[in-house]
Amino acid sequence: MIVRTKKRIAIIVSGAVALLIGIYFICGYSTRDSRLNVLLVTLDTTRADRIGCYGYQAAVTPALDDLAERGMLFERAYAPAPQTLPSHATMFTGLNPPEHSLHINGATLDKAIPTLATVLAQEGYQTAAFVAAPILDSTCGLGQGFQTYDDDLTQGEKSQTKYMQLRSGRQIVDAALAWLSPRNTKPFFCWCHLFDPHEPRQAHPREFGATFRERTYDAEIAYADLHVGRLLEFLRKQGLENQTLVIVVGDHGEGLGEHGEDEHGYMIYNSTMRVPLVLSCPPIIPSRRRSAQPVALVDLLPTVLDCLGMPIPEELSGQSLKPAFRGDPLEPRDCYGETDVPYWEAGWSPLRSITTEQWKYIRTTRPELFDLLQDPDEQHNLADQFPDQLKRMEESLSDLEQQMVRREGKQAALSDEKLRALRSLGYTGGGTSAVDVPAGEARRDIKDIIAYPPMVSKSSLLVEFGDVDQADRLLTEVLSAVPDYALAHGIMGACRSRQNRNDEAVEHLQLALDLAPDHTNLVWVPAALGKVRLAQQKYELALVHLSEALQRNPQAADIHVMSGIAYGNLGQVEDARRHFESALKIDPTFVAAEERLGDLFAEQQNLVEAGQHYEAALRLNPGLIESRDRLAGILLAQGAFSSAIGQYEEILRIQPDNANVLVALSLVLSTTDSPEYRDGPRSLVLAKRACQLTANREAVALDALAAAYAEMQEFQEAVATAEQARQFALDAQRPELADEIAQRLQGYRAQQPFRTKQGRSSP
């Protein structure tokens with residue numbers, strides 16, 4: 001009996017231990033830290049009305065539809081601006097654009113402004129972000145608070161030009177899952193930015209066959225949904241579904257031709273301002289919840305803090321949406337909207353709006369008023385029919401603006417490459433403060449000229465692709481219709497520059513600045529003017545423009561390099577060196593700066609430092625032919641024949657028919673006084689190939705062939721070839737080369753090969 005009792009006790013104890021261990025492993029994350037995780041997915045350029053759970057029958061969005069079925073869907077969620085950076089900044093700060101100061105892409109968030117990531121990081125969360133486009137790279141300031149901010153776009157699958165690197169949803173989610181997989185005791189905040197619905201678009205036949213052949217926008221939303229599904233499946237498999245607040249939200253919509261707008265940025269109708277907002281977290285959000293009340297993306301931060309049981313700062317402009325999870329009504333608030341793109345691009349009227357339960361008001365040159373309950377597509381402007389309501393809405397908007405504590409923005413440090421990336425995406429950048437147009441001041445209304453910005457955007461891409469003639473035709477049409485279109489003049493200036501019509505390029509670029517000297521976002525124009533002046537060899541004028549460009553953007557490495565080139569050509573060596581070194585401090589991978597420093601030291605006969613900079617440039621880009629050629633010359637001058645020959649051989653591996661290098665290597669192998677490096681047969685082969693490539697009419701190639709013949713003791717051929725080389729040198733009016741060949745010719749006649757201590761590194 002006693003034995004049996006002890007056995008039963010042992011069984012009970014071991015069973016309890018097993019149960020505790022099971023609970024530990026099954027619910028290990030929550031037992032070690034019960035706080036909720038946060039997974040935020042932002043869908044770029046995504047309209048709410050193109051998703052299945054929002055009523056779009058043609059959608060293929062099973063992941064989002066299932067998420068909405070298991071959680072909360074807000075039917076009327078509004079972005080604060082139809083651009084990526086301002087909208088994301090509002091989500092992360094709980095502030096409207098005038099309060100966080102990011103009104104347009106290309107600005108940067110003040111580090112003094114707390115973000116969702118900074119708050120959660122301070123609370124011990126592991127934080128990571130995975131962004132898909134250059135608009136949200138580290139220069140935008142949203143990286144603060146993220147321990148991992150993955151903005152590496154170098155292998156982007158969606159790239160359209162060399163300046164526009166974009167990562168696909170697959171790549172973003174792959175990176176996020178790799179980060180999420182090795183979890184520990186800390187809760188996480190993971191943000192994934194999916195850019196797929198943005199232009200450029202594709203039908204994704206591999207994933208969807210012919211379903212979206214004619215509907216690429218729907219295809220990209222379906223593709224994004226596919227990868228949202230992978231994230232949700234990960235949470236399910238890891239047992240994290242009940243421990244994670246999942247938020248999927250659009251940053252802005254897309255015009256798709258409505259109101260004459262194909263894409264977004266210029267107008268603030270619901271086509272670009274109404275976005276999806278779906279949340280799920282079974283412990284706090286019941287399933288199948290929907291709310292038709294207007295809410296705004298400024299509400300996202302306070303909602304997250306409320307869900308996590310954290311205090312909501314009083315200075316936030318948003319409100320928590322958590323009461324809606326219980327079915328309670330939210331406090332009615334006006335939703336603010338704006339776009340300054342028309343102003344920063346051309347000095348046209350900026351747009352401001354407020355949206356209520358019933359009404360939408362847009363402040364512009366010709367104000368608009370819509371009854372959203374009767375006219376959700378905003379087709380009928382009621383401003384003239386309801387002047388009293390119009391007045392009330394303007395007063396409400398003015399009151400809302402007065403309540404905001406405004407900040408002055410900061411221009412991000414945008415390289416020429418970043419600015420080109422923005423332009424290739426149809427964006428402009430540079431606006432750093434709110435636009436206040438004086439009452440009664442007449443400015444063009446975007447409604448009247450919405451057909452032309454897409455033409456300018458297309459022209460910018462055409463210039464980047466090299467189709468400058470087509471760009472020229474489009475821009476000429478635009479400027480005929482809108483002669484004061486500043487950005488169009490700027491792009492035309494770039495076009496003329498690519499056409500080598502530099503005088504006309506200067507005229508258009510200068511006009512772009514003259515049209516909008518104080519409010520244009522064409523921060524790239526002074527640099528473009530400087531570049532054109534460099535091409536004209538007007539170095540002092542170039543420096544005037546480049547100095548202005550550096551005042552606007554002192555962290556632009558490419559402008560420092562152009563400044564260094566200008567100073568170098570003016571003989572101001574120290575100033576040139578200072579700018580090249582500044583470029584490398586800003587961007588240690590800037591190859592052109594290393595090359596230019598190499599050239600600068602080589603001109604000063606400082607071969608050691610010159611060689612070091614050429615070597616550094618080649619480490620960054622092994623395919624640099626000129627730098628490798630110059631390095632070979634330096635190595636010859638230093639007596640490093642083996643290394644020099646190796647550099648020439650590497651060039652010929654890359655460019656087998658590089659006639660100049662064939663000549664240079666041939667001369668080294670035939671004329672050096674170091675016997676171990678002479679190779680007559682190889683020299684002869686190289687020289688003959690160089691002569692063949694130059695049709696036996698180049699003096700330097702024939703000179704190398706003569707030296708090779710002499711090395712092979714074939715002096716009769718050496719003499720005949722050298723005489724021919726001398727004559728071509730005289731015909732080309734190169735008397736110094738002709739004299740050098742004549743001296744070598746005397747040696748050949750005396751049956752003596754030519755010898756030099758270094759080998760001739762260049763013809």
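The values are calculated or read from the model by the stated rules, or taken from the named source; none is laboratory data. All values reported here derive from a predicted model rather than from experimental measurement. When we count neighbours, we look across all protein chains shown, and the Cβ atoms used for this are built from the backbone with ideal geometry, even at glycine. Side chains are part of the model used for accessible areas, which takes the heavy atoms of the whole protein and leaves out ligands, DNA and RNA. Shrake-Rupley method; radii C 1.70, N 1.55, O 1.52, S 1.80 Å.
Annotations
- Degrees, to the nearest 10: 659-671 long Cα axis against longest axis of the chain: 50
- The peptide list 337-350, 207-220, put in order of mean Cβ contacts within 10 Å with the highest first, becomes 337-350, 207-220.
- What the chain shows is 42 Å² of accessible area per residue, with the surface traced by a 1.4 Å probe over protein heavy atoms.
- Beta bridges from DSSP with both residues in the chain: antiparallel share about 45 percent, rounded to the nearest 5.
- Among the protein heavy atoms of the chain, carbon and sulfur supply 49% of the accessible surface, probe 1.4 Å, non-protein parts ignored.
- Counting 0.36 nm for each residue step from residue 750 to residue 585 and taking away their Cα separation leaves a gain of 53.7 nm.
- Residue 757 versus residue 69: modelled label distance in nm, points set 7 Å from Cα along the beta carbon direction: 8.6
- Rounded to whole numbers, the Karplus 3J(HN,Hα) couplings from phi for region 189-203 are 10, 10, 10, 10, 9, 9, 9, 3, x, 6, 4, x, 10, 9, 7 Hz, using 6.51 cos²θ - 1.76 cosθ + 1.60 with θ = phi - 60°, and x at Gly and Pro.
- Extension gain, residue 712-residue 615: 0.36 nm per intervening residue step, less the Cα-Cα distance, totals 31.5 nm.
- Per residue, the convex hull spanned by the Cα atoms of the chain measures out at 231 cubic angstrom.
- Size of region 213-365: Rg and Dmax of its alpha carbons, in Å, are 18.0, 55.
- Dimensions (Å) - region 621-763, Cα atoms, principal axes, largest first: 43, 31, 25
- Loop-located trypsin sites (Lys or Arg not before Pro) in region 624-708 (DSSP state other than H, G, I, E, B) with a sparse environment of at most 12 neighbouring Cβ atoms within 10 Å: 697.
- Here's how it looks for residue 672: its modeled amide H is under 5 Å from those of 756, which are all 5 or more places away or on a different chain.
- Here the 3J(HN,Hα) profile of region 328-345, calculated from phi with Karplus coefficients 6.51, -1.76 and 1.60 at θ = phi - 60°, is 7, x, 8, 5, x, 9, 6, 8, 8, x, 7, 8, 9, 4, x, 5, 5, 7 Hz, Gly and Pro shown as x.
- All Cα pairs of region 454-527, percent lying beyond 17 Å: 35
- Computing FRET efficiency as 1/(1 + (r/R0)^6) for residue 682 and residue 572, where r is the C-beta to C-beta distance and R0 is 51 Å, gives about 0.70.
- Shape category assigned to region 187-277 from the gyration tensor of Cα positions, a/c cut at 1.5: oblate
- Per-residue ³J(HN,Hα) for region 108-123, Karplus 6.51 cos²θ - 1.76 cosθ + 1.60, θ = phi - 60°, Hz, x for Gly and Pro: 9, 6, 4, 5, 6, 8, x, 10, 4, 5, 5, 5, 5, 4, 5, 8
- Close amide H partners of residue 108, meaning residues 5 or more places away or on another chain with modelled amide H under 5 Å apart, are 410, 412.
- Surface calculation, 1.4 Å probe, protein heavy atoms: residue 366 sits at approximately 110 Å² accessible.
- Rel. contact order, % - alpha carbon contacts under 8 angstrom, at least six apart, region 476-624: 13
- Stokes-Einstein D in µm²/s, Kirkwood radius over Cα pairs - region 529-637 at 10 °C with 1.306 mPa s viscosity: 114
- Helix 699-711 axis, angle to the chain major axis (alpha carbon atoms, nearest 10°): 60
- Cα gyration tensor, region 589-638 - rounded (a/c under 1.5), prolate or oblate: oblate
- Residue pairs, from the table 322/391; 111/360; 111/458; 111/391; 237/322, whose Cα atoms sit over 29 Å apart: 322/391; 111/360; 111/458; 111/391
- Other-chain or far-sequence residues with amide H under 5 Å of residue 295's (modelled H): 76, 77, 78
- Cα centroid separation, region 563-616 to region 436-511 (Å): 35
- Computed from Cα positions, the angle between helix 557-569 and the longest principal axis of the chain comes to roughly 30 degrees.
- Region 32-144 shape via C-alpha gyration tensor axes, a/c threshold 1.5: oblate
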